[in-house]
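Contents: one structure, followed by commentary.
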Amino acid sequence: MQAKTSFGYAAIALGVGSLVHIVGLALGPDALAFLGAPQEFVQGARDGDWLWTSIVTLGIAGLLAILAWLSWRAKTLRENDGMARSILWLFAGIFTLRGLMVGLFVPAIMERNIGDPSLLWFHVGASVFVLTIGLALLHGLYKTRGISA
């Protein structure tokens with residue numbers, strides 16, 4: 001696989017992640033709970049206090065959108081774009097580690113006895129999705145190391 005393909009996939013996947021956060025916020029507390037928002041944010045939304053829930057959710061969506069833009073830009077990055085590459089390296093590691101933690105999340109979700117198998121499979125799928133983003137970024141960054149302007 002070429003680095004451009006890896007960066008393109010990461011950009012699209014990060015854009016989808018950003019949209020999922022915005023749609024979850026728009027759909028309300030039950031959607032936020034399903035997506036894994038902390039209970040205090042979900043309860044705040046149910047009580048009509050949307051301020052912190054909105055700020056945090058839109059902040060995450062914004063961060064993912066910026067990372068999507070950087071990933072798309074990375075298809076043509078050169079060595080002199082060190083700050084962008086550093087940011088992408090950092091988040092490639094974070095997403096890869098988060099994706100690998102699926103083994104920790106499954107037992108925790110099952111222990112909570114949620115009772116909804118779709119919730120379990122959503123979180124497993126989300127972890128794998130996040131892992132693929134991290135691996136795509138790692139692949140693209142590794143393949144483009146040492147490229148000079």
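Spacing of the modelled spin labels on Ser86 and Trp69, each 7 Å from Cα toward Cβ, amounts to 1.9 nm.
Taking a point 7 Å out from the Cα of Trp121 in the direction of its Cβ, the residues of the stretch 18-60 whose backbone N falls within less than 18 Å of it are 34-36.
When Val130, Val124 are sorted by how many other C-beta atoms sit within 10 angstrom of their C-beta, beginning with the fewest, the order is Val124, Val130.
Look at Tyr9, Tyr142 and count the other Cβ atoms within 10 Å of each Cβ; fewest to most, that gives Tyr142, Tyr9. A crude spin-label estimate for the pair Thr76 and Gln2, with each label 7 Å from Cα along the Cβ direction, gives 1.4 nm.
Cut-off is 10 Å between beta-carbons; in what order do Lys4, Lys75 appear when sorted fewest neighbours first? Don't jump to the answer; show the numbers that get you there.
Working: Lys4 14, Lys75 17.
Ordered by Cβ neighbours within 10 Å, fewest first: Lys4, Lys75.
Karplus-derived 3J(HN,Hα) values for the stretch 36-41, using 6.51 cos²θ - 1.76 cosθ + 1.60 with θ = phi - 60°, are x, 5, x, 4, 5, 6 Hz; glycine and proline are entered as x. With each label modelled as a point 7 angstrom along the Cα→C-beta vector, the Met101-Val23 pair spans 2.4 nm.
Bear in mind that the values in this text are calculations on the coordinates, not laboratory data. Just so you know, these numbers come straight off a predicted model, no measurement behind them. Cβ sites come from the backbone with ideal geometry, for glycine too, and all protein chains shown count toward neighbours.
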